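Coordinate-derived values only; no laboratory data. These numbers come from a predicted model, not from an experiment. Every residue, glycine as well, gets a Cβ built from its backbone with ideal geometry; the counts of neighbours run over all protein chains shown.
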Amino acid sequence: MTKRALLVIDMLNDFILPQGSLTVGPAGEEIVPLIAQKIAEFREAGQAVIYICDNHKADDPEFAMFPPHCIAGTPGAEIIGALAPQRGELIIPKRRYSAFFATQLDLCLREMGITELVLVGVCTNICVLYTACDARMRTYDVTVLRDAVASFDPEAHDFALEQMENVLGVEVK
């Protein structure tokens, strides 16, 4: 039997709120209701909801490419209120694009017997794409919900969806 988990990727104040330091803009805000619906569905079905959260040091090397964002301990690094986790739901901090790189995610998923991941969140062409790639390399079945992912770059968003589907074998629906 397939055990699924919903990975809610980087739905954090700095990415989603208009005043966030690396806001995705309206595209990020528009996906919040559908993600909230998916979270409710997974909870109702007794399936895992796991929050993947950018969580950087103040001097993170990533800030050479992007403005400082999601600095550990700041409001910008917090999950947006509309998608707040419930007690006992797993929160995985990450410092790089992939939710698997240098985190406990794979170990936690294996311990829970998870074989299928459903990905939602931001940014499609960065953290969603690299998480999907690493998940496929670890033999997870992966689904990305097209209407529940967003990016600040519409062309890169479309390209990432195409790559995930046609190169990685991700189900994009």
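Checking each residue in region 116-141 for being within 15 Å of Phe42 (Cβ to Cβ) and either surrounded by fewer than 19 Cβ atoms within 10 Å (Cβ to Cβ) or of a type in the set (A, V, I, L, M, F, W, C) (or both) picks out Glu116, Leu117, Val118, Leu119, Val120.
Screening the candidates Val32, Val24, Val49, Val8 for the property of being surrounded by 15 or more Cβ atoms within 10 Å (Cβ to Cβ), over 23 Å from Ala135 (Cα atoms), out of contact with any Ser or Thr (no Cβ under 8 Å at 6 or more places or on another chain) and touching a residue at least 12 places away in the same chain (Cβ under 8 Å) yields one hit, Val32. So is Ala82 under 22 Å from Val144 (Cβ atoms) and exposed (fewer than 15 other Cβ atoms within 10 Å of the Cβ) or not? Spelling it out, Ala82 is indeed under 22 Å from Val144 (Cβ atoms) and exposed (fewer than 15 other Cβ atoms within 10 Å of the Cβ). Confirm whether Ser98 is among the polar types (S, T, N, Q), part of a loop (DSSP other than H, G, I, E, B) and either touching a Lys or Arg at 6+ places or on another chain (Cβ under 9 Å) or surrounded by 19 or more Cβ atoms within 10 Å (Cβ to Cβ) (or both). It is true that Ser98 is among the polar types (S, T, N, Q), part of a loop (DSSP other than H, G, I, E, B) and either touching a Lys or Arg at 6+ places or on another chain (Cβ under 9 Å) or surrounded by 19 or more Cβ atoms within 10 Å (Cβ to Cβ) (or both). The residues in region 46-67 that are in a loop (DSSP other than H, G, I, E, B) and among the aliphatic types (A, V, I, L, M) can be counted, and the count is 2. From the list Val172, Val142, Val149, the one residue that fits, being in contact with a helix residue (DSSP H, G or I) (Cβ under 8 Å, 6 or more places away or on another chain) and farther than 20 Å from Gly28 by Cβ, is Val142.
What about Thr2, is it of a type in the set (Val, Ile, Thr), surrounded by fewer than 16 Cβ atoms within 10 Å (Cβ to Cβ) and closer than 21 Å to Leu117 by Cα? Here the answer is yes, as Thr2 does meet what is asked.
Residue by residue, here is whether (1) more than 26 Å from Gly20 (Cβ to Cβ); (2) of a type outside the set (Ser, Thr, Tyr); (3) within 15 Å of the chain's Cα centre (by Cα); (4) part of a strand (DSSP E or B) holds:
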| residue | (1), (2), (3), (4) |
| --- | --- |
| His69 | no, yes, no, no |
| Ile92 | no, yes, yes, yes |
| Ile114 | yes, yes, no, no |
| Gly121 | no, yes, yes, yes |
| Thr143 | yes, no, yes, yes |
| Asp147 | no, yes, yes, yes |
| His157 | no, yes, yes, no |
| Gly169 | yes, yes, no, no |
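Results for (1) in contact with a strand residue (DSSP E or B) (Cβ under 8 Å, 6 or more places away or on another chain); (2) under 24 Å from Phe101 (Cβ atoms), shown as yes or no for each residue.
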| site | (1), (2) |
| --- | --- |
| Val8 | yes, yes |
| Pro18 | no, no |
| Glu30 | yes, no |
| Ile35 | yes, yes |
| Cys53 | yes, yes |
| Ala72 | yes, yes |
| Ala77 | yes, yes |
